[in-house]
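The values are calculated or read from the model by the stated rules, or taken from the named source; none is laboratory data. Not measured: the values here are computed from a predicted model. Here the Cβ is made from the backbone with ideal geometry for all residues, glycine too, and neighbour counts use every protein chain on show.
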Amino acid sequence: MMWKFNEDFSFVKQGNQFILLSMILIIVMGLGSDKFYGIFGENNYVTIHLMMEMLITVVTMSISIQTWLITPYILSNRVLYIGALFLTISLLEMAHALSYKGMPFFITESTPYASTWFYMFCRLLLSIGFLIIFFVKEKEIKSSYRWFIYSLPFAIITCCFGVLYGPTPILPPLIMEGEGPTDLKNILQYTAVALQLVIMVLLLKNFKKAPKIIFLLLCSSIYLIMSDFLYTIYQDVYDIKNFIGHIFELGASYLLFRAIYFSSIEKPFQQLVDTQEHLEKSREKMHHMAYHNEITNLPNERFLMESLKKDLYISKSQKAILAIGIERISAIKASLGSTYADQMICLIAQRLKNVLPEKYLLCLLREDYFVVYIDEVNNTHQLTQLSQQLQYVMEESFQIQHFSLNSQLNIGVALFPTDSYREEELVRFALYAMHEAQKSPTRLRFYESSISKKTTEQLLLENDLHDALANQELFLDYQPQLDLHTGQIKSVEALVRWQHPKKGWISPGVFIPIAEESGLIIPIGQWVLETACQQVKEWEAAGLPPIKVAVNLSLGQLFQQNLVEIIHHVLEKTQLEPKYLQLEITESMTINIDHMTTILQKLRALGVTIAVDDFGTGYSSLSYLKDFPIDCLKIDRSFVQKIHSNSTDKALVDMILSMAKHLQLKVVAEGIEEIEQLTYLLDGKCDTVQGFLFSKPVPPHVFQENYQTLHKNAKFILNSISTSEV
C-alpha cells in the first residue's frame, strides 16, 4: 500500500549523509595510500587513534547504559542481551585503546599483540553475539535478572586479560612489525565478514517487520565489512586505510546506536505521540459526529439547540426559525430505500446552501426536514421571499441513478420573540407550521396559536397509525361497480377504513395523507392488496361468480423496486387469476413517464388491468394515455356530481367518454347518486358506474349476503330509466 511505503521508507533519505561519507572515503583511498601516508604526522597517530576509540567506546557504552535503563520497563531478554553485548564490546574497545602501541604503560609495555587481540575479540564477539541474539526466542524476564546478565561482560573481559597477559603467551600474534596483518588475523577478519554477511541475509528476510531498524543495521553491517576489509590490507598504523577503517568502525557503532535508540526509545515515543494524535482526532471526529449529520455533514439538532441557547437571547431583535419539510421523502425512503432518499437529501441540502446566505444556520433534523435559523429579521416579507426562492430551486427534477424524482418544500416559520421566548418551543412551533403548510397553496405557513392543537392531534394520530395495522384496527369495505352493458355487478373497489379504539371511525381523507407522509402507506398498501385478493377468493368459494377487485396503488408503492414481485407473490399466494385484479393509479403519479411506463408494462405482463383514478383532476400531460398500458379511465366524482349544473364539467365528461372510446379504453364513473346522472352516462355509452345510487361501500359479509338484492335494485333502477324514456 502506498501510504505504508511512504511511512516506512521515508527514513531512507536520512542515509544520504552516510552514503556521501562513504563515497568521500572511498575516493580518498582511490587516489592512493602513498599520497596520504602519515598525513596527520607520525607523532599524532596515537592521539588520533585514542580519540577514535574513545568515541567508539562512548557510543557502545551509551547503548549498554540505555538498555540497562529501559529493561525494567520493557523486560525483554533480547534487549537485555544486547545491552550486555555492547557493555562487553565497550570494555574490549577500552582495553584495545589502552593497550595500543604508543600508549603509556598498561599492565605491560604496550605492543600490537594485546591491542590487536582485544580488537579481534571485540569484532568476533559482535557478530557471534548478534547471531545468537537473533535466534533466541524473545520472552519476558524478571527485572533482577539483568544484574546477572550485566555481570557477564566483566567476567569475559577478565578472561581476556588472563589469556593475553598471562606469563606464557597462548595466542599467536596478529600483527608483524613492518609487515602488517598476519594470515591468521586476515582469516579471523574475513570470518567476521562472513558472519556479518549471514546477519545481513537474515535482516533482509525480516525487512518488512521493522524497515527502519533493519535499514540502520544493514548500513552498520556494510560499514563493519568495509572496516574489516581495510584492516586486512593496511601496512601499518600510519596507513590511511587504517584511519579510514576506524572511521567506518565508528560509523558502524553510531548506526548501531541509532538502531537501538530508535527501537527502544524513539519508536515507542513516536507510537505514543501517534496514539495521542489518533485519540485527539478521534475525539474531534466524535465531537463532529455528535453535532453534525452524517449524510449531509450539516449541523444537527444538538448543534441547533446549543446555538439557540447561546445566541437567541443576546438581543431582543426579531429572529426566525424556518422548518423545511421535504415532500414525499418518507415514501421514497420506504419504496426505493435509504440510499436514494439519502442522495436526494444531499442534493436538496446543496441547493438550499446555494440560496441561503452564509450567515444563516442551516441544520438537518432527524434526516427528513431542515431548519434554518435567521438571527436578524427585518420583516416577514423578507422571510416570504426567501421561502419562495428555496421552493423555486426545487422545481427542477433530481436525477438519482435512473430515477428522475421531484419534490416540493413545505415551509413553516416561527418568530422570536413574537411566537415564543423559548428555543424548544420556537423550533416546535415552526414544525407545526410546516405540517400545516402542505395544505396551503403556497406551501408556506407562519405559526399561529390555533395550529398547535391541530398539529398535536395529527402527530398523535400518526403515532397511533403505526400500531393500527398490527392491532387489526384497519379493515376494508367494498363498493360495487355496475356494468351498464350487462346490468351485472362484476367488480368492486376495495376501500381501506380505520376504526380507532378511542376516537372511533377516522376518515381516509385524514389518515391516508399521514400514511403517505410517514411511509406507512407501503405496509398498509401491501396489506390492502393481499386482503382484497383473498376476499375475492372467499366470495368465489361461497358461491359468488368471479368478481374483479380494484385496489389503489400509492406513489410510494409504485417506486418500490420489488413491486412487481410483491404483486406476483400475492396472486400466487391467494390463487387469484390476474385478470380479476385491477390496479388503480392517480394522474399525479404519471409525472415520471419513463419509470411509470416500465413498471406498468411489467404489471400488465402479469395479466392485471390498469386504471387511472380521479381522471381529469391532475395536471400532467395527456400524452401518457398513448404511452402507458392503461385499460380504464375513472371519471372523478366531482365532475359527475355537477354534470347537470356546470356546463364545463359536462363538457369534460363528454370529452373523457369520447376520448376513451377512440383509445379503446373502458370508463368507470364514480359518485353516481342521482338518476339524472346515471341517465346521462348511459346515453354517453359509459361502461361502468359506482355510487350511492346503487350501494355505498359495505363490509365483505354484507356484500356477500346482499349480492342478489344489489342486482335486483340495480335492475330496477335501470328499468325505471328505460320506462321513463319510453
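Of the helices (runs of 4 or more DSSP H) lying entirely inside the range 539-613, the ones with 1 or more residues being charged (D, E, K, R) and free of Cβ contacts under 8 Å to residues at least 40 places away in the same chain are found at 563-574, 593-606.
When K137 is tested against (1) exposed (fewer than 14 other Cβ atoms within 10 Å of the Cβ); (2) more than 53 Å from the chain's Cα centre (by Cα); (3) under 19 Å from Y81 (Cα atoms), exactly one condition is not met: (2). Taking the range 427-458 as the range and being within 15 Å of V371 (Cα to Cα) and either of a type outside the set (A, V, I, L, M, F, W, C) or over 33 Å from the mean Cα position of the chain (by Cα) (or both) as the test, the residues that pass are R428, F429, Y432, A433, H435, A437, L444, R445, F446, Y447. Summed over the range 133-158, residues that are without any contact (Cβ under 8 Å) to a residue 12 or more places away in the chain and part of a helix (DSSP H, G or I) total 6.
Of all the numbered requirements in (1) among the aromatic types (F, W, Y); (2) closer than 29 Å to P546 by Cα; (3) surrounded by 15 or more Cβ atoms within 10 Å (Cβ to Cβ), F639 misses one, and that requirement is (2). When the residues of the range 484-518 are narrowed to those that are more than 27 Å from I329 (Cα to Cα) and either polar (S, T, N, Q) or in contact with a Cys (Cβ under 7 Å, 6 or more places away or on another chain) (or both), which ends up surrounded by the fewest Cβ atoms within 10 Å (Cβ to Cβ)? Looking at the filtered set, the residue picked out is T486. Looking only at the range 254-265, decide whether some residue is in the same structural domain as I82 (by TED's automatic domain parsing), in a helix (DSSP H, G or I), loosely packed, with under 14 Cβ neighbours inside 10 Å and at pLDDT below 80. The answer is yes; a qualifying residue exists. Counted as qualifying within the range 384-495 are no strands (runs of 3 or more DSSP E), as none has 2 or more residues that are outside the structural domain of K685 (by TED's automatic domain parsing), of a type in the set (D, E, K, R) and within 27 Å of Y313 (Cα to Cα). Within the range 113-123, can one find any residue that is loosely packed, with under 14 Cβ neighbours inside 10 Å, of a type in the set (D, E, K, R) and either touching an Asp or Glu at 6+ places or on another chain (Cβ under 6 Å) or under 30 Å from L218 (Cβ atoms) (or both)? No; the residues of the range 113-123 include none that is loosely packed, with under 14 Cβ neighbours inside 10 Å, of a type in the set (D, E, K, R) and either touching an Asp or Glu at 6+ places or on another chain (Cβ under 6 Å) or under 30 Å from L218 (Cβ atoms) (or both).
So, in the range 54-101, how many residues would count as being charged (D, E, K, R) and either under 52 Å from the mean Cα position of the chain (by Cα) or modelled with pLDDT of 85 or more (or both)? Summing the residues that are charged (D, E, K, R) and either under 52 Å from the mean Cα position of the chain (by Cα) or modelled with pLDDT of 85 or more (or both) in the range 54-101 gives 1. Name the single residue that is surrounded by the fewest Cβ atoms within 10 Å (Cβ to Cβ) among those in the range 670-719 being in contact (Cβ under 8 Å) with a residue 60 or more places away in the chain and under 18 Å from E540 (Cα atoms). Result: P699. Remark: Q481 falls outside the filter, which requires a residue to be of a type in the set (S, T, N, Q), over 19 Å from K696 (Cβ atoms) and surrounded by 17 or more Cβ atoms within 10 Å (Cβ to Cβ).
If the condition is being part of a helix (DSSP H, G or I) and buried (at least 19 other Cβ atoms within 10 Å of the Cβ), then the range 519-529 contributes I521, I522, I524, G525, V528, L529.
Quick check: is even one residue across the range 146-163 modelled with pLDDT under 85, in the same structural domain as P72 (by TED's automatic domain parsing) and more than 29 Å from Y100 (Cβ to Cβ)?
Looking for residues that are modelled with pLDDT under 85, in the same structural domain as P72 (by TED's automatic domain parsing) and more than 29 Å from Y100 (Cβ to Cβ), one finds at least one in the range 146-163, hence yes.
H287 falls short on exactly one of the conditions (1) at pLDDT below 75; (2) surrounded by 11 or more Cβ atoms within 10 Å (Cβ to Cβ); (3) not aromatic (F, W, Y), and that condition is (2). The numbered conditions (1) at pLDDT 85 or above; (2) assigned to a helix (DSSP H, G or I); (3) over 24 Å from T60 (Cα atoms) are all true for Y190 except (3). If we scan the range 700-719, do we find a residue that is assigned by TED's automatic domain parsing to the domain that holds F475, part of a helix (DSSP H, G or I) and over 57 Å from the mean Cα position of the chain (by Cα)? For the range 700-719, residues assigned by TED's automatic domain parsing to the domain that holds F475, part of a helix (DSSP H, G or I) and over 57 Å from the mean Cα position of the chain (by Cα): absent.
The set of residues from the range 346-398 being of a type in the set (V, I, T) and either on the phi > 0 side of the Ramachandran plot or within 29 Å of the chain's Cα centre (by Cα) (or both) comprises I348, V355, V371, V372, V393. So which residues in the range 538-562 are buried (at least 16 other Cβ atoms within 10 Å of the Cβ) and more than 27 Å from V667 (Cβ to Cβ), if there are any at all? Listed by number, the residues that qualify are G556, F559, Q560. The residue that is nearest to P545 (Cα to Cα), counting only those in the range 480-509 that are of a type in the set (V, I, T) and in contact with a Leu (Cβ under 7 Å, 6 or more places away or on another chain), is I489. Take the range 330-378 and flag every residue that is of a type in the set (A, V, I, L, M), buried (at least 20 other Cβ atoms within 10 Å of the Cβ) and more than 30 Å from S317 (Cβ to Cβ). Hits for the range 330-378 are A331, I332, A334, L336, A341, M344, I345. Would the range 110-121 turn up any residue that is more than 27 Å from D183 (Cβ to Cβ), small (G, A, S) and outside any loop (DSSP other than H, G, I, E, B)? For the range 110-121, residues more than 27 Å from D183 (Cβ to Cβ), small (G, A, S) and outside any loop (DSSP other than H, G, I, E, B): absent.
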